[in-house]
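Data first, discussion second: the structure below is written as structure tokens.
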Amino acid sequence: MIDARSLQVLANFCNAAADAMAYTLMRTAHSAFVKETEDFSCQIVTREGLAFGNPRHLGAPWYSGVDYGGLLASFPAYAPGDICITNDPEAGNVATHTPDIHIWKPVFHEGEIACFVVGHIHNTDVGGAVPASLSRSLSEIVQEGVRIPPVKLIEQGVENPYIAKLIRANVRLPEQNLGDLAAQIASVNIGERKMGEIIRRFGFETFLQGVEAILDHAEAQARQALSKVPDGEYFFADYADEDSPEGLPARVALTLRVQGDAVELDYSGTDPQLGSSLNMPTGGRERHALVMVGLTYVLGTLSPGIWLNAGTLRAARAVLPEGTMVNAAPGAAVGMRSLTCALTQIVTQGAFAQALPALMPAAAPGGNAIMNIRTAARNGRPAMASIGPVGGGGGATPFADGGDGAGGTTGFLRNTPIEISEAEVPIHFLRYGLEPDSGAPGRWRGGLSAVMEFRVSAPETVVTARNRNRSIMAAWGLQGAGAAGVSRFVKNPGQAGEVNLGNTDLVRCGPGDVIRVVGPGAGGWGDPFSRPPELVAADVRRGAVSPERAAADYGVVLRGGTVDMPATEALRAAPRPAPETISHGPERRVFEAVWTRARYDLLTAFLAGQPVSWRFYLKHRVFEAVAAAPDAPPEPQMREIFARLCARYGLDAPA
């Protein structure tokens with residue numbers, strides 16, 4: 001039995017080994033998206049595949065509780081020197097879209113497997129229908145680039161040369177991909193060495209006992225934190241702007257059930273599997289890493305010192321109805337699953353905010369655009385790079401303003417310095433900074449969004465903006481705060497040929513074209529009229545809030561940069577609408593005036609009874625019918641629509 005002091009030391013050593021893997025990967029990778037933005041993960045997992053060691057400050061925290069069990073079972077046996085690879089989302093439900101290449105390596109001690117070292121990186125491109133491989137417009141996984149089934153990349157120290165040939169034949173910038181793969185191999189080799197040292201230090205049996213104790217300790221911490229949440233059932237829903245190009249809103253719905261020290265995350269009521277790439281390939285796994293990210297963030301809020309690993313998630317289970325956005329059937333496009341994953345995090349946060357209103361922050365936007373450029377250098381050499389995320393800040397908390405420019409659901413993504421981006425692709429940056437007035441007003445202000453503007457220098461340039469969202473439905477505020485500013489995507493702003501691109505994620509450009517992308521802001525917390533005037537004045541001085549919005553949103557009047565207290569007191573004393581507990585933007589209020597929870601529940605119940613391949617189509621037909629008579633009584637109208645559609649298409653009518 002390992003004692004508490006030794007357990008802490010072992011946990012620290014294992015996390016340090018994961019740190020070493022992450023540093024190796026980041027310092028040797030070729031692509032900016034890995035070495036600068038840090039979209040990667042490194043873990044130490046048990047012989048069964050459960051993560052127990054994670055980097056402390058590097059890479060994507062979404063995978064801290066990952067379960068590699070589905071991939072480890074791909075092979076009947078492993079030998080020293082084996083390294084395996086896959087990016088297939090339908091193989092073990094660990095890889096979650098094709099650009100994420102996962103590798104894993106066994107760590108042996110005296111002929112017996114002790115653990116595995118694992119990790120993934122997001123490749124800028126893996127081939128497919130569009131540059132950077134991902135677009136909302138894609139409808140099948142076969143359009144999203146090359147898929148590598150689980151295979152031994154290196155077997156007993158001997159490399160399989162056909163994997164590199166497969167990659168080289170199918171991607172747009174093979175040298176970058178292969179360079180990143182070499183960095184991954186170096187990373188797991190470092191992990192194997194570090195873990196071997198740890199096992200020898202502690203002894204094999206003590207190490208195995210310690211690993212289980214690490215998971216048990218994390219579970220106990222999670223249960224202790226959850227026991228402070230009032231028992232009950234809490235519902236929350238949020239929307240992606242579009243379920244397909246220029247489509248309809250897509251709802252992610254969550255019923256949070258709290259009982260004692262355990263929780264259930266029930267996603268019944270979420271939209272059906274989509275005919276676009278916003279689907280999540282979870283395989284219905286009740287503790288799939290992607291649907292548990294929001295819970296991990298909540299637990300980190302409730303217990304900042306909690307150990308994050310697979311044990312953290314044992315106190316929870318998710319209900320993921322088959323054939324929905326959160327559990328897509330094989331064959332579905334899943335490339336933009338991170339947009340939907342962000343929504344699962346936001347609805348988790350929103351549900352817990354009802355249970356713990358004095359502790360939870362307001363909404364982060366969850367609509368970060370990942371900007372990629374596919375073009376050619378002046379010497380004709382193909383050039384492609386991710387030039388960084390453009391998103392919103394963090395949601396305001398009950399104690400502080402939200403962070404500006406980054407935070408919330410994808411706060412781990414670092415920006416790429418513009419000097420590096422300009423060196424990798426022939427573009428010229430005109431602006432990169434923070435967008436004034438984008439953060440929601442509140443006693444504590446929501447984080448400002450980022451803004452990026454650049455000029456293209458080469459013909460046949462393709463700009464992709466993956467995960468564009470929140471251009472219609474804003475991030476929500478809490479406890480009397482306002483909703484945030486929405487995102488914008490514009491080609492040639494201020495010129496005669498200006499084009500508002502909305503949520504478009506792919507645009508073709510020529511020399512001289514200018515692209516401006518503004519991220520969505522984050523929600524505020526508390527009544528903005530209670531924000532101290534001197535803080536509002538400071539926001540105005542630094543350009544975060546305009547004088548006009550200071551008066552309209554905060555009731556603060558400035559003259560010559562100084563607060564006019566009599567005018568401010570008079571403005572704040574004037575009658576105004578009662579503050580809302582949860583403040584949504586006007587577009588969502590208009591939408592939900594027709595599509596109430598009761599109406600939407602009727603729709604999702606009807607769709608759940610239809611074949612998966614019909615659900616997305618039928619959803620659109622129902623929306624069309626309701627739009628023709630939006631004021632009709634919901635229940636008889638919906639049942640008449642369902643009966644008519646079933647009769648028309650020969651489908652089973654609902655009971």
Quick one: check the C-alpha center-to-center distance for the range 574-612 versus the range 197-252, whole angstrom. 28 Å
Find the percent of Cα-Cα distances in the range 32-98 that exceed 16 Å, and round it to a whole number. 54 percent
What is the sum of charges around LEU7, taking Lys and Arg as +1, Asp and Glu as -1, for the other residues whose C-beta is under 12 Å from the C-beta of LEU7? -2
Hey, can you rank 433-444, 546-557, 166-177, 636-647 by average C-beta count inside 10 Å, highest first? 433-444, 546-557, 166-177, 636-647
Calculate the spin-label point distance for ARG381 paired with GLU112, positioning each point 7 Å from the Cα along the beta-carbon direction, and give it in nanometres. 5.2 nm
Quick check: at a probe of 1.4 Å, how many percent of the accessible area of the chain sits on carbon and sulfur atoms? 53 percent
In nm, give the distance between the simple-model label positions of ARG508 and SER530, each being 7 Å from the Cα along the Cα-to-Cβ direction. 5.5 nm
The long-range amide H neighbours of GLY283, using H built 1.01 Å from N in the peptide plane and a cut-off of under 5 Å, are ALA328
Count the lysine pairs in the chain whose Cα atoms sit under 27 Å apart, keeping only pairs 8 or more residues apart in sequence or on different chains. 9
Mind giving me the FRET efficiency for GLU569 and ALA593? R0 is 35 Å, r the Cβ-Cβ distance, nearest 0.05 is fine. 0.50
Unit Cα scatterers, Debye sum, the range 295-340: log10 I(q)/I(0) for q = 0.30 Å⁻¹: -1.04
Normalised Cα Rg of the range 345-502, dividing by 2.2 N^0.38 Å with N its residue count, works out at 1.15
Accessible area per residue for the chain in Å², computed with a 1.4 Å probe and the full protein assembly in place, what is it? 37 Å²
How about the range 182-234: which trypsin sites (Lys or Arg not before Pro) there are in a DSSP loop, with at most 13 other Cβ atoms within 10 Å of their Cβ? LYS228
Which of rounded, prolate or oblate describes the range 595-649 when judged by the alpha-carbon gyration tensor and an a/c cut-off of 1.5? prolate
Which number do you get for Rg(Cα) / (2.2 N^0.38 Å) in the chain? 0.97
Where Lys and Arg each count +1 and Asp and Glu each count -1, what net charge lies around LEU166 among other residues with Cβ under 14 Å from its Cβ? +2
If you average 1/r over every pair of different alpha-carbon atoms in the range 70-131 and take one over that average, what Kirkwood value in Å do you get? 12.8 Å
Please list, by residue number, every one of the GluC sites (Glu not before Pro) in the range 58-160 that is coil in DSSP and has at most 14 other beta-carbon atoms within 10 Å. GLU110
Give me the one-decimal nm value for the distance between modelled label points at LYS165 and ALA79, 7 Å along each residue's Cα-to-Cβ direction. 2.1 nm
Rounded to the nearest 5, the percent of antiparallel DSSP beta bridges in the chain equals 95 percent
Packing-based order for 179-190, 518-529, 123-134, using average beta carbon neighbours within 10 Å, highest first: 518-529, 123-134, 179-190
Can you give the FRET efficiency to the nearest 0.05 for GLU419 and LEU359, using r as the Cβ-Cβ distance and R₀ = 45 Å? 0.65
Whole angstrom only: what separates the Cα centroid of the range 527-559 from the Cα centroid of the range 380-429? 27 Å
Give me the orientation-averaged projected area of the Cα convex hull of the range 549-655, in nm², one decimal. 10.5 nm²
Could you tell me which helices of the chain pass both thresholds, a Cα extent of 18 Å or more along their own axis and a mean Kyte-Doolittle hydropathy of at least 0.5, with helices taken as whole DSSP H runs? 289-302, 337-355
Using 0.36 nm per residue, how much length does the chain from ALA643 to GLN209 gain when fully extended, once their Cα-Cα distance is taken away? 150.3 nm
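Extension gain GLU246-ALA552, at 0.36 nm per residue separation less the Cα-Cα distance, in nm?
Here the answer is 106.9 nm.
The values are calculated or read from the model by the stated rules, or taken from the named source; none is laboratory data. Only a predicted model underlies this, so the values are computations on that prediction, with no experimental measurement involved. FYI the Cβ positions are ideal-geometry reconstructions off the backbone, even for glycines, and counts take in every protein chain you see. Side chains are part of the model used for accessible areas, which takes the heavy atoms of the whole protein and leaves out ligands, DNA and RNA. Shrake-Rupley method; radii C 1.70, N 1.55, O 1.52, S 1.80 Å.
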